[in-house]
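The values are calculated or read from the model by the stated rules, or taken from the named source; none is laboratory data. No experiment lies behind these values; they were computed from the predicted model shown. No Cβ is skipped: glycine too gets one built from the backbone with ideal geometry, and neighbour counts run over all protein chains shown. What goes into the accessible areas is simple: the full protein's heavy atoms, side chains included, and nothing from ligands, DNA or RNA. Shrake-Rupley method; radii C 1.70, N 1.55, O 1.52, S 1.80 Å.
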Amino acid sequence: MKKITPIVIAAILIVISCIFIAGCVTTPAATIDKENPAYSVTVKTSTAGFDTFPVGGIFELQFPDNSASTGYVWEVVEGKEILYKDFTAQSTVSQLGETLKRISLTGALDSQAVSLDGEEETALSTAVGDEAEQVAGASYPHYFWFQPGKAGDYKITLKYARPWEGGETCAVYSQTIHVVDSDDPIADGAQTSYIFDSFDINPPAGSTVKIIKEANPTTGYFWTVSGEGLTIEEDYKVDNPDLMGSPGQYEWYAAAANPGDYLLKAELKHAGSDEVLSVFEIPLKFV
């Protein structure tokens, strides 16, 4: 029988120590900074149905745009096959109204051009901004409306870049939306909107991102969020604390200690039930 030398024993101990240490090491949790988020995104979902992305519904992304002063523009890289329209607040309201696509109550897409009455045009003008009051070089919202015509998974990718100078890219946004058949199609407007307040949607690792969602848990419906690799903290603010049953908004703060792509997932459930009624996902990229 061969003897085990001290050198062999030392080597074995080193290997065991390395395995033990590797198994015990965990990624440190990121520190949440609620006062200084890198950016915030407000999620608005239709209350007319629980299917987050029904066939014929509109998924809207809204980003700030100051291309007039910086030369950077938002461009759809993937998802062009379901892109219905994109426009900025500098678009003429009357032109936009003439090309709006309506969705019939049967769920069929109606591409007939429509005219807006005075009340509708006023509402639309408020939504996209008054062109006459805009200042040259300022930042305005850029809207992207995606309208899938059939069920399935669709990848959407946008980049904020300068077309010249070798296509220098400032930010990238990418996600997959899951579209389902629905017996309750939503007419006239966006089913779900993600509204970003900053161009810097790829902040450094360790930064905090704020996600906002209107809700009213007193009705028995509540949202929960999760995200692998993310540190998440939740606040809930009531619109009117003195009014029983007053609605409010969730405020989730998410951060990651390391660079990479992460996915924050939110699920809507009813108290006492495990059934998921609606889902939305927010991709987060830290560099």
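Could you please find all residues in region 8-33 being touching a strand residue (DSSP E or B) at 6+ places or on another chain (Cβ under 8 Å) and either at pLDDT below 75 or open to solvent by 70 Å² or more (accessible area, probe 1.4 Å) (or both)? Passing the criteria: ALA29, THR31.
Scan the strands (runs of 3 or more DSSP E) fully inside region 175-280 and keep the ones with 1 or more residues being under 30 Å from ASN66 (Cα atoms) and either touching a Gly at 6+ places or on another chain (Cβ under 6 Å) or touching a residue at least 12 places away in the same chain (Cβ under 8 Å) (or both). Break it down stepwise before answering.
Details: elements: 190-196, 208-215, 221-226, 231-238, 248-255, 260-270.
The strands (runs of 3 or more DSSP E) meeting that bar are 190-196, 208-215, 248-255, 260-270.
Return yes or no: is ILE201 closer than 24 Å to VAL73 by Cα and open to solvent by less than 40 Å² (accessible area, probe 1.4 Å)? Step through it out loud before you land on a result.
Details: closer than 24 Å to VAL73 by Cα: yes; open to solvent by less than 40 Å² (accessible area, probe 1.4 Å): yes.
So ILE201 passes the test.
For region 130-186, taking the residues that are among the aromatic types (Phe, Trp, Tyr) and open to solvent by 20 Å² or more (accessible area, probe 1.4 Å), the one that is modelled with the highest pLDDT is identified as TYR154.
Can you report the number of residues in region 257-283 which are at positive phi and open to solvent by 40 Å² or more (accessible area, probe 1.4 Å)?
From region 257-283, those at positive phi are 260, 272; that's our starting set.
Of the ones still in play, those that are also open to solvent by 40 Å² or more (accessible area, probe 1.4 Å) are 272.
Residues meeting the conditions: 1.
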